[in-house]
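Below: the structure, in C-alpha cells.
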Amino acid sequence: MLNFKVICINDSDKPEDIPLSKWVKKDQIYTVIEVSKMRMQGNRLGFKLAEINLDSCFPYQYFASSRFMPLLRIKDMSIEETLERLLEEVKKEELENEKIQQA
C-alpha cells in the first residue's frame, strides 16, 4: 500500500453527523492510507486518513480528495511514479469491487 502525505486546504462544510474531533483542519498534514471512489458522492475520489478514524461516522468513511493537496516530498520516487502507483491502487480496488458485485 502506498501511503502519502497531504495538507488540508478545505475544512469547510462539515457534515453535522461527524463530530468536530473527527474533522480535518485546514493547514494540517495528514497521511492517506487508502484511496477509494465514494459511490454515494458521485464516485468522487476519497481518502482514508491514518490520523482520523471515521468508522463510527457511517455513512462517512472517506474525506473528499478535493479537500487536500499532496505534499510532493516523497523520497526515492518521482511525482510521475507516485501518481502511477496511486492510480494502480485505485484500479486494483475497482477490480476487487467489481468481482464482489458480480459474485
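Before moving on, here are some points about what is shown:
- Count - residues of region 38-52 that are assigned to a loop (DSSP other than H, G, I, E, B) and under 22 Å from Pro19 (Cα atoms): 3
- Among the residues of region 41-67, those identified as closer than 18 Å to Asn3 by Cα, loosely packed, with under 13 Cβ neighbours inside 10 Å and not acidic (Asp, Glu) are Ala50, Asn53, Ser66.
- Met38 touching a Gly at 6+ places or on another chain (Cβ under 7 Å) and at pLDDT below 95: yes
- Of all residues in region 53-103, those satisfying the criterion of being at pLDDT 80 or above and part of a loop (DSSP other than H, G, I, E, B) are Asn53, Leu54, Phe58, Pro59, Tyr60, Gln61, Tyr62, Leu71.
The values are calculated or read from the model by the stated rules, or taken from the named source; none is laboratory data. Remember, it's a predicted structure, so these values are computed and weren't measured experimentally. Virtual Cβ from ideal backbone geometry, glycine too; neighbours counted across all protein chains shown.
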